[in-house]
Structure formats: structure tokens, C-alpha cells
Amino acid sequence: QVQLVESGGGLVQPGGSLRLSCAASRSISNIYAMAWYRQAPGKEREVVAQIISGGNTMVADSVKGRFTISRDNAKNTVYLQMNSLKPEDTAVYYCNLRAVPGGSSHWGQGTQVTVAS
């Protein structure tokens, strides 16, 4: 069972930046996909960004041009760089790992991001 530990959340003013980290308890070099999701109060969990083996990335339209996902296989860590943050980005952000296509998902405990002045 892989463990995922997120960090880097916090309170930031609109227009600010944060970098979230997700450290995995196993090597991620051969992992099919890792992703960041978020869930705001009263809303469903939604995918924010994904990176798959080979390095291809996807980001949601709502964060395109502001958020970037990357991975460091040597550190077994995936990052989410968030720039130009908006109040509507406020949510709990979750790291997700899927070892193989169609396989089961593994989730971290989440980290709170609050964008407010």
C-alpha cells in the first residue's frame, strides 16, 4: 500500500503563489499517473492537473496558465506550482496515484489551500 503525504498548503492572498508537494512512499518512476484534485466546500472533488508516465501533463481549464504539475522521480515527489491564485482556488487539495491504467487510486490526506485577503 503506497502512502502519499501532501504539504505546502496554507493561507495566501489573491495573486499569490504556493507550491504543493506530494511525497510517495515508493518509487514513482514507473507509475502510470499522478494527479492533483481539489474539493471545495459543498462541491464535488475535481481534477486539477495530471502527469502521466513519459511526462505528458494535463491541467484543468480553470487553472490553465496558472498551475503547473511536475514530478521528481529521484525524490518520489510530485509538485503543483500554483501562481496567480484566486479566492475560487480555495479548497482541500489531494494527491492521487494510479499505478497502472484502470487500476485503483491511492489518495493522500489532503492539504488546505485558502486564498483570501
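Being exposed (fewer than 14 other Cβ atoms within 10 Å of the Cβ) and touching a residue at least 40 places away in the same chain (Cβ under 8 Å) narrows it down to one residue among S29, S21; which is it? It would help to see each step written out before you state the result.
On the way: S21 fails: exposed (fewer than 14 other Cβ atoms within 10 Å of the Cβ).
Among S29, S21, only S29 is exposed (fewer than 14 other Cβ atoms within 10 Å of the Cβ) and touching a residue at least 40 places away in the same chain (Cβ under 8 Å).
Output the residues belonging to region 30-45 that are over 21 Å from K86 (Cβ atoms), within 17 Å of the chain's Cα centre (by Cα) and not aliphatic (A, V, I, L, M). Give the derivation first.
First pass over region 30-45, keeping only residues over 21 Å from K86 (Cβ atoms): 30-34.
Among the residues that remain, those that are also within 17 Å of the chain's Cα centre (by Cα) are: 31-34.
Passing the criteria: only Y32.
I'd like the full set of residues that are buried (at least 16 other Cβ atoms within 10 Å of the Cβ) and not in a strand (DSSP E or B), limited to region 3-18. Walk me through how you get there before you give the answer.
First, the residues of region 3-18 that are buried (at least 16 other Cβ atoms within 10 Å of the Cβ): 4, 6, 8-9, 12, 18.
Scanning region 3-18 gives G8, G9.
Please find, among L97, L20, L80, L85, the residue that is farther than 20 Å from V2 by Cβ and not β-branched (V, I, T). Explain how you work it out, then say what you get.
Details: L97 fails: farther than 20 Å from V2 by Cβ; L20 fails: farther than 20 Å from V2 by Cβ; L80 fails: farther than 20 Å from V2 by Cβ.
Selected residue: L85, the only one of L97, L20, L80, L85 that is farther than 20 Å from V2 by Cβ and not β-branched (V, I, T).
If A49 satisfies every condition in (1) within 23 Å of G102 (Cβ to Cβ); (2) outside any strand (DSSP E or B) but one, which is the exception?
Failing condition for A49: (2).
Among the numbered conditions (1) open to solvent by 30 Å² or more (accessible area, probe 1.4 Å); (2) in a strand (DSSP E or B), tell me where W36 comes up short.
W36 satisfies all of (1) open to solvent by 30 Å² or more (accessible area, probe 1.4 Å); (2) in a strand (DSSP E or B) except (1).
Can you report the number of residues in region 53-101 which are assigned to a strand (DSSP E or B), of a type in the set (A, V, I, L, M, F, W, C) and open to solvent by 40 Å² or more (accessible area, probe 1.4 Å)? If you could, list the steps in order and put the result at the bottom.
The first filter runs over region 53-101 and keeps only residues assigned to a strand (DSSP E or B), leaving 57-59, 67-72, 77-82, 91-98.
Now drop any that are not of a type in the set (A, V, I, L, M, F, W, C), which leaves 58-59, 67, 69, 78, 80, 82, 91-92, 95, 97.
Subsequent filtering for residues that are open to solvent by 40 Å² or more (accessible area, probe 1.4 Å) retains 58.
Of the residues in region 53-101, 1 are assigned to a strand (DSSP E or B), of a type in the set (A, V, I, L, M, F, W, C) and open to solvent by 40 Å² or more (accessible area, probe 1.4 Å).
Is it the case that some residue within region 95-110 is at pLDDT 95 or above, touching a Lys or Arg at 6+ places or on another chain (Cβ under 6 Å) and of a type outside the set (V, I, T)?
no
Considering only region 102-111, state which residues are of a type outside the set (S, T, N, Q) and assigned to a loop (DSSP other than H, G, I, E, B). Steps first, answer last, please.
To start, the set of residues in region 102-111 that are of a type outside the set (S, T, N, Q) comprises 102-103, 106-108, 110.
Result: G102, G103, G108, G110.
Would you mention how many residues in region 39-52 are open to solvent by 30 Å² or more (accessible area, probe 1.4 Å) and closer than 13 Å to C95 by Cα? Let's see the steps before the verdict.
First pass over region 39-52, keeping only residues open to solvent by 30 Å² or more (accessible area, probe 1.4 Å): 39, 41-47, 50, 52.
From what's left, closer than 13 Å to C95 by Cα: 39, 45-47, 50.
Of the residues in that region, 5 qualify.
Which of the residues spanning region 64-117 are more than 28 Å from G54 (Cα to Cα), among the polar types (S, T, N, Q) and over 14 Å from the mean Cα position of the chain (by Cα)?
Correct list: T114, S117.
The values are calculated or read from the model by the stated rules, or taken from the named source; none is laboratory data. Worth saying up front: this structure is predicted, and the values here are computed from it rather than measured. Ideal geometry is used to build each Cβ from the backbone, glycine not excepted, and the neighbour counts take in all protein chains shown. Only protein heavy atoms, including side chains, enter the accessible area calculation; ligands, DNA and RNA are left aside. Shrake-Rupley method; radii C 1.70, N 1.55, O 1.52, S 1.80 Å.
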